[in-house]
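These notes concern the structure reproduced below.
What follows draws every value from the coordinates through simple rules; no lab data is involved. All values derive from a computational prediction rather than experimental measurement. Because the Cβ atoms are built from the backbone with ideal geometry, glycine has one as well, and the counts that use them run over all protein chains shown.
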């Protein structure tokens, strides 16, 4: 199992997926995960795509696996001058995909994107697992999370999670917050790529003007996030482009109602119903309804519980092992 800096840094969903994959594989006596450069394995499986990916995988010809967390369109709204970067992104990611013997596509949209580049690599669709036991709600987590975030027992707390970049819909989150001053709004996340973050100046200006019932925590440690989810009452996932996003699934595993932006990639990915809206006005209306309608709130929590059943760790582990075995047999 391989991951490299800077793409494996904290505050990035790839880092979470990498750590979850190691835990997933080590959850049984049938396989041992050798992490990064601490030894040699039978199969090379990378989650990142920098120069070390090519170097570390050179001795594993015929046994290389790559999890495709990003596609060329992922640069839109993530990095400045993304229109200039996009052609280079397409060329480079095609090289990354073709270097692997198997590309694991974390969603149908990712699989389609790999095919659209004309790559010849074998593609297998396997979603990111959701480690349910990490995120499960407890009153003790809620109490600790609210204390950590300075929240009152009676506050209705709306959560946003993600990098502070244009693609994540940070300004839309702020628009909703400004329309609902009677709730508390918390955004957890920062900029793991620093100045190479799209919308930095504009988003910083909006954050500076944010009203007092809104708080931005900056980057938090992964171990703190179960407390943050438990402290909240609902989550808005305002992102404009995603593949298989972990944050809303982690929130759903904590039984939080999650409101998604209505994106075509979610319709392809999710097998179960989910709450969605196509506008900021829709986010405002549905958030208010969650605050005032107890029946709708309970229904929304049940929708979240059903949503995450698709990402069962045992099934995903079995699918991963089948991919590894197929490479060793061939």
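Listed values, structure above:
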| read-out | value |
| --- | --- |
| Mean Cα-pair separation over length for the stretch 4-75, i.e. relative contact order, pairs under 8 Å, 6 or more apart, % | 27 |
| Between the stretch 21-88 and the stretch 98-156, the alpha-carbon center distance in angstrom | 15 |
| Burial ordering of 155, 101, 293, fewest other beta-carbon atoms within 10 Å first | 293, 155, 101 |
| Inter-probe distance in nm under a simple model that places probes 7 Å from Cα toward Cβ, at residue 92 and residue 294 | 5.4 |
| Mean Cα-pair separation over length for the chain, i.e. relative contact order, pairs under 8 Å, 6 or more apart, % | 19 |
| Theoretical FRET efficiency, 1/(1+(r/R0)^6), r = Cβ-Cβ of residue 115 and residue 33, R0 35 Å, to 0.05 | 0.75 |
| Global geometry of the stretch 1-149, whether rounded, prolate or oblate, following the gyration tensor of its Cα atoms and the 1.5 cut on a/c | oblate |
| The stretch 132-311 - share of DSSP beta bridges that are antiparallel (%, nearest 5) | 5 |
| Beta bridges per DSSP with both ends in the chain, % antiparallel, nearest 5 | 5 |
| Paramagnetic label zone (point 7 Å from Cα along Cα-to-C-beta, residue 23; backbone N under 11 Å) in the stretch 121-161 | 130-136 |
| Förster-model FRET efficiency, 41 Å R0, residue 205 and residue 262, C-beta, rounded to 0.05 | 0.90 |
| Which of 329, 186 has the fewest Cβ neighbours within 10 Å, and the rest in rising order | 329, 186 |
| Computed helical MRE - 222 nm, the chain, DSSP H runs ≥ 4 contributing -39500 (n - 2.57), nearest 500 | -13000 deg cm²/dmol |
| Relative packing of peptides 139-149, 14-24 - highest average C-beta neighbours within 10 Å first | 14-24, 139-149 |
| Zone of residue 124's modelled label, taken as backbone nitrogen in the stretch 294-324 under 18 Å from a point 7 Å along Cα→Cβ | 311-324 |
| Relative contact order of the stretch 132-311, pairs being alpha-carbon contacts under 8 Å that are 6 or more residues apart, as % | 26 |
| Cα gyration tensor shape for the stretch 201-330, rounded if a/c is under 1.5, else prolate or oblate | prolate |
| Length gained when the stretch residue 153-residue 52 is fully extended (0.36 nm per residue, less Cα-Cα span) | 31.6 nm |
| Taking 46, 197 and counting other C-beta atoms within 10 Å, the order from fewest to most | 197, 46 |
| 12 Å cut-off, amide nitrogen to a point 7 angstrom out along residue 42 Cα→Cβ, residues in the stretch 312-330 | 321-330 |
